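Here's the structure we're looking at; comments come further down.
The values are calculated or read from the model by the stated rules, or taken from the named source; none is laboratory data. This one's a predicted model, so the numbers in the text were calculated from it and none came from an experiment. Neighbour counts run over all protein chains shown; Cβ positions are idealised from the backbone, glycine included. Heavy atoms of the whole protein, side chains included, go into the accessibility calculation; ligands, DNA and RNA do not. Shrake-Rupley method; radii C 1.70, N 1.55, O 1.52, S 1.80 Å.
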Amino acid sequence: MRRSFATLDVFSERRFSGNPLAVVLDAGGLDAEAMQAIAREFNHPETVFVFSPANPAHRARLRIFTPARELPFAGHPTVGTAVLLGLRDAAAPGCEFVLEEEIGSVPCRAEAKGPAEGFARFTIPRLPEPAGAAAEAGRIAAALGLRAAEIGFDDFRPSRWSAGNPFTFVPVAGLGTIGRCRSDPGGFSDVFGLEGVYIFCRETVGPGNAFHARMFAPALGIAEDPATGSAAAALAGLLAGRGALDDGMHAFVIEQGYEMSRPSLIELEIEIASGKLTSVSIGGSAVVVTEGTLEA
């Protein structure tokens, strides 16, 4: 059966930067084995399969696969698919709809910026939560090719958080340190298991950006990810948990993918009320790169 698909570069306004995404439309009838095989064929960090929604008031139901396994939720697939569906719907500024993902219902707002590009923002369906203790700093450093003294800055220390997908968050001193990070194939899984590792620092390449980040997830078939929206969402829990944010809205721009020549910008917004995290949203641009059909 012929099925239409598109690929997009997400968290970027320019093609051949950002995070690549494949979106298979009209995915009805595909089982998990077939979807996993198609995701391996595309070999993008994630591939989205679009189904009719369970709730007719919603826009679509999504299933998300890396080359290695299915995810209940992911950021750049949500942004990219929202932009693509908004373009197909000729979305006016502020067009709103709900996407169903394995984690739950995801409210989105999409805006077309041209015939093949747009911007989308979504509110995460589950607030970030601590995901247990991180490994000892020396073991983390060794698995990333660093020294233990290079781990941590200000009052940030390694921790584990999840907003649907768990990550180990590793703060490092600056761009020089983060640029030397490598995932050690021999010791990585012993330290981090099957989850991704999100390394971040305050020093940035772009003026006005809040953090510079890298993410490794070899167990998911992703040696390094150019932009990781679900990790940025979970980072909100770490930022809010420090107690340093006043009540109100707080906006952060996170840059990622520069070491891969895939520069990406993720917009993170956090709302604090009565000293507690109450809402998190992720936004970014996306541009269509290819469109076609596949036999599946």
*Quick one: how many residues across segment 5-33 are surrounded by 14 or more Cβ atoms within 10 Å (Cβ to Cβ), over 20 Å from Pro218 (Cα atoms) and small (Gly, Ala, Ser)?*
4
*Among the numbered criteria (1) assigned to a loop (DSSP other than H, G, I, E, B); (2) buried (at least 22 other Cβ atoms within 10 Å of the Cβ), which single criterion is violated by Ala57?*
(2)
_Going through Ala273, Ala234, Ala219 one at a time, which residue ends up being modelled with pLDDT of 95 or more and open to solvent by 10 Å² or more (accessible area, probe 1.4 Å)?_
Ala273
*Can you name every residue in segment 172-184 that is in contact with a Lys or Arg (Cβ under 8 Å, 6 or more places away or on another chain) and surrounded by fewer than 23 Cβ atoms within 10 Å (Cβ to Cβ)?*
Gly174, Cys181
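Results for (1) in contact (Cβ under 8 Å) with a residue 40 or more places away in the chain; (2) basic (Lys, Arg), shown as yes or no for each residue.
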position	(1), (2)
Pro107	no, no
Ala110	no, no
Glu117	yes, no
Arg121	yes, yes
Ala135	yes, no
Ala141	no, no
Leu144	yes, no
*Name every residue in segment 60-81 that is outside any loop (DSSP other than H, G, I, E, B) and closer than 11 Å to Leu21 by Cβ, in order of residue number.*
Ile64, Gly75, His76, Pro77, Thr78, Val79, Gly80, Thr81
*Kindly provide the set of residues from segment 176-213 that are under 18 Å from Gly152 (Cβ atoms), in a strand (DSSP E or B) and not aliphatic (A, V, I, L, M), ordered by number.*
Tyr198, Phe200, Cys201, Phe211, His212
*For segment 103-172, list the strands (runs of 3 or more DSSP E) that sit wholly inside it and hold at least 1 residues that are over 14 Å from Leu238 (Cβ atoms); which are they?*
104-114, 117-123
*Picking from Ala39, Ala68, Ala74, which residue would you name as being farther than 14 Å from Glu101 by Cβ, among the small types (Gly, Ala, Ser), crowded, with 23+ Cβ neighbours inside 10 Å and within 18 Å of the chain's Cα centre (by Cα)?*
Ala39
